[in-house]
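Heads up: the structure comes next, in structure tokens.
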Amino acid sequence: MRRLTETEELVGQHYNDAVFEFELMRSKYCPVEFEITARLLERLIPERSIVAEIGVGGAFYTELLARRGCRLHLVDVSARLLDTAWSKLRAAGFQEQIIDIDLASATNLDCLADEKFDAVLMLGPLYHLRLLEERRRSVSEAARALKTGGLLIAAGINRLAYLRDLLRESPRAILVRQQFHERFLSDGNLDPEHAPPLGFAHLTTIAEFKELFADGFTEIGLLGLESFAGVWQKSLSEMPEEEARAWMDMIERTASMPEALGLSDHLLYAGRKKSGGEAG
């Protein structure tokens, strides 16, 4: 298996250290992102499916799928997140459902057999692949591993979310980062100097994200995960259950509207592998 590149190792280290605790608490800080994604997985991935999860994060979706009887192959650039996922599943009694665990990049998935998987999840890797050729390669690798008609679910970050947060947290930066912002609007790339929480990252546009999958996949849907909830989503964690569920239902109902895509931090793509083709 190909070794991780220097940048991939840096991304892995970022998740091992800087944002490790946040990843474990993501469902608390980002309840809408978690809930709407979980609903989509439950709706589209049948029980007992064979699933490759590329980028395990805090293993929330890993455990959800394991409870549905799915068999899972786990891949990440963060050894610490992989270890945590394994420990979490073993403690819950799901260790027999783990096919394998690999420290690898989404751009090179030699660890995954051809046309073996019913579904591939990429709920994070595309955040950090800054070159278009890398993003295309990762989608092509997912297509190779999927059965014909297999499901790809992939997440991206809205390019304008960075500028919105910068306006709130560091408004003077607009005067001293003008050259950087011109480039960012064009290529969507961030680095640890300009976006410490994300590190090396790529933020997408809606058109770019859709085009990434167009050759190899038939689109099922594209969602703006937070819809209108946006920066207010934490308040749902503090609501009575019935009230929070009603708001979640409304968020899900509106998530595919063009207006929701523009408002959301995260875009979520679902598509099925075309017959006889690979993406890219």
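Quick notes on this structure:
- Neighbourhood net charge (10 Å Cβ-Cβ; Lys/Arg +1, Asp/Glu -1) for His266: -3
- Non-local Lys pairs in the chain, i.e. 8 or more apart or on different chains, that have alpha carbons under 12 Å apart: 4
- From phi via Karplus (6.51, -1.76, 1.60), per-residue ³J(HN,Hα) for segment 136-148 in Hz, x at Gly/Pro: 5, 5, 5, 5, 5, 5, 4, 5, 4, 7, 7, 5, 4
- Sum of side-chain charges, Asp76 neighbourhood, beta-carbon under 12 Å (Lys, Arg +1; Asp, Glu -1): -4
- Rounded to the nearest 20, the size of the Cβ-charge dipole of segment 199-278 about its Cα centre is 300 debye, with Lys and Arg at +1 and Asp and Glu at -1.
- Selected from Gly55, Leu112, Ser87, residue furthest toward positive end of dipole (segment 12-164; charges at beta carbon): Gly55
- Electrostatic tally near Ala255: other residues with Cβ closer than 14 Å to its Cβ, Lys and Arg +1, Asp and Glu -1, net -4.
- Spin-label pair Val176/Leu131, simplified geometry with 7 Å Cα→Cβ offset, distance in nm: 3.2 nm
- Restricting the calculation to Cα atoms, every distinct pair contributes to the Kirkwood radius of the chain, found to be 19.1 Å.
- Where Rh is the Kirkwood radius over Cα pairs, Rg/Rh for segment 168-280: 1.05
No value in this document is a laboratory result; all are computed from the given coordinates. Values in this document were obtained by computation on a predicted structure and should not be read as measured data. When we count neighbours, we look across all protein chains shown, and the Cβ atoms used for this are built from the backbone with ideal geometry, even at glycine.
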